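K.L.:
Below is a structure I'd like to ask you about.
The values are calculated or read from the model by the stated rules, or taken from the named source; none is laboratory data. Note that this is a predicted model, so its numbers are computed, not measured. No Cβ is skipped: glycine too gets one built from the backbone with ideal geometry, and neighbour counts run over all protein chains shown.
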Amino acid sequence: MSMSIDEFVKRRRALLDQMTPNSIAILPSAPERTRNRDVHYPFRQESDFYYLSGFAESDAVLVLIPGREHGESVLFCKEKDPKKELWDGYLAGPEGATTDFKFDDAFPISVIDDILPGLIEGREKVYYSMGLDAQFDAHVMEWINVIRSKVRSGAHPPGEFVALEHYLHDMRLYKSAAELKVMERAGKISAEAHVRAMKACRPGVMEYQLEAEITHCFMQAGSRAPAYPSIVGGGANGCVLHYITNNAALKDGDLVLIDAGCELDYYAADITRTFPVSGIFSTEQAALYQIVLDAQKSAIAEIAPGKHWNHPHEAAVKVIVQGLVDLGLLQGDVEEIIAKEDYKKFYMHRTGHWLGMDVHDVGDYKVGGEWRVLEPGMVMTVEPGIYISPSDQDVPEKWRGIGIRIEDDVVVTKQGCRILTDAVPKEIAEIEALMAAR
Ligand code: GLY
Ligand code: MN
Ligand code: MN
């Protein structure tokens, strides 16, 4: 854990301070997931749970109770067990939960059915994110029903359930200095990985071999996994937005689109670069690429406090539509094409998303029906693209099968914004120079 434990304590305090006095919040850890037979997927803690705990074990439940005399932050977790630890590694145990993770109180997960109903009983309000984990939802109902079954003995079941994520996700949207430091490093590692892939690219290299170059950089730098499956699409594969098959040979004359970012200490980077397999853009590739790059720069210029969420997208769409009209790929009036969304067959996704512990991070995009106003500490991606389907009979053949996206990670600052991922080139001349020097 690279983030100081006090950062997690501070977050628990901030959430406790927002909760009403007579209430309780309950969060389960992620479950272990089976990959095949007795093999599990590598365990990755649930983001909300980790955000409040820094605790990376499964079979744990975090409970917050403002004003509780014996401790406001409580962790249920696996007990220490030398035999189990011999096979599966270190367990913190309830002792470690209080000493190392600074919980006020901790219990073995094996006794949660005996203890948690008692902690819920008498609290008016339960903060809980329902519908994410059906099995845990059922447990919560069981605990509530234990209390309900005792009303005739004077037990008081909670009267209100409140969506915990509403509070937590707003907190997660604003990144602290410590979070930005990690995200900056994740961006830098990912940028280096893209540079390495550009340098390793040659006609005949397999898409998965460029993926291997990317993964190599991530792991050498201490990232244990990509933040999402890396996309390496040569030629028309670049038009498949979530292409992860990555098993085709890269062809001379094609572009290759790489969308890859590492996860570092639970924070994601998300970068896309598109470059020529040969090292030199064709006329058509360069024309489309320049439109996407100009669109991306126009979008980034719209990121500053006071701007709203949709401003960068509107700017990108305008540049892309104008560019496609200039090239004759779209016909008509720019404003009209935008209003009728006729550009969507070439640009069908949004220009970005919040970025943080999850690659498509939490946080509302609209508040009270209006686009959210940008504030310092918010981090987003800016990723316009143009995709010309290989089977689009309505466009001249020379354009078909070209897929281009350019994506950077941007943090809103007091003055404007800062790009976290600019250590990988994106200007045509820069990319060609870098590849010429291979
Ligand atoms: N890599 C996922 C995205 O760009 O949204
Ligand atoms: Mn991406
Ligand atoms: Mn993205």
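K.L.:
For segment 11-57, which positions are within 17 Å of H169 (Cβ to Cβ), assigned to a helix (DSSP H, G or I) and of a type outside the set (G, A, S)?
P.N.:
R11, R12, L15, L16, D17, Q18, D48, F49, Y50, Y51, L52
K.L.:
Determine whether segment 275-286 contains at least one residue that is in a strand (DSSP E or B) and crowded, with 19+ Cβ neighbours inside 10 Å.
P.N.:
yes
K.L.:
Could you list, in sequence order, the residues of segment 257-270 that are in a strand (DSSP E or B), over 14 Å from E213 (Cβ atoms) and within 18 Å of the chain's Cα centre (by Cα)?
P.N.:
D259, E263, L264, Y267, A268
K.L.:
Sticking with this one: Regarding segment 314-332, can at least one residue be identified that is within 16 Å of ligand 2 (Cβ to nearest atom) and either modelled with pLDDT of 95 or more or under 30 Å from E57 (Cα atoms) (or both)?
P.N.:
Yes, segment 314-332 contains a residue that is within 16 Å of ligand 2 (Cβ to nearest atom) and either modelled with pLDDT of 95 or more or under 30 Å from E57 (Cα atoms) (or both).
K.L.:
For V205, all conditions in the list (1) among the β-branched types (V, I, T); (2) more than 25 Å from the chain's Cα centre (by Cα); (3) closer than 23 Å to H349 by Cα hold save one; what is the number of the exception?
P.N.:
Failed condition: (3).
K.L.:
Of the numbered conditions (1) closer than 30 Å to D265 by Cα; (2) among the aliphatic types (A, V, I, L, M); (3) outside any loop (DSSP other than H, G, I, E, B), V359 satisfies every one except a single condition; which is it?
P.N.:
(3)
K.L.:
Name the single residue, out of those in segment 134-182 being in a loop (DSSP other than H, G, I, E, B) and out of contact with any Lys or Arg (no Cβ under 9 Å at 6 or more places or on another chain), that is surrounded by the most Cβ atoms within 10 Å (Cβ to Cβ).
P.N.:
K175
K.L.:
Here is a follow-up. Residues to consider are W399, W354; find the one that is touching a helix residue (DSSP H, G or I) at 6+ places or on another chain (Cβ under 7 Å), within 11 Å of ligand 3 (Cβ to nearest atom) and among the hydrophobic types (A, V, I, L, M, F, W, C).
P.N.:
Sole residue among the options that is touching a helix residue (DSSP H, G or I) at 6+ places or on another chain (Cβ under 7 Å), within 11 Å of ligand 3 (Cβ to nearest atom) and among the hydrophobic types (A, V, I, L, M, F, W, C): W354.
K.L.:
Give the number of residues within segment 183-203 that are touching a strand residue (DSSP E or B) at 6+ places or on another chain (Cβ under 9 Å), more than 18 Å from L257 (Cβ to Cβ) and surrounded by fewer than 20 Cβ atoms within 10 Å (Cβ to Cβ).
P.N.:
Selection size over segment 183-203: 1.
K.L.:
Further, regarding this structure: What number of residues in segment 1-55 are within 16 Å of V182 (Cβ to Cβ), surrounded by fewer than 17 Cβ atoms within 10 Å (Cβ to Cβ) and in contact with a Ser or Thr (Cβ under 8 Å, 6 or more places away or on another chain)?
P.N.:
1
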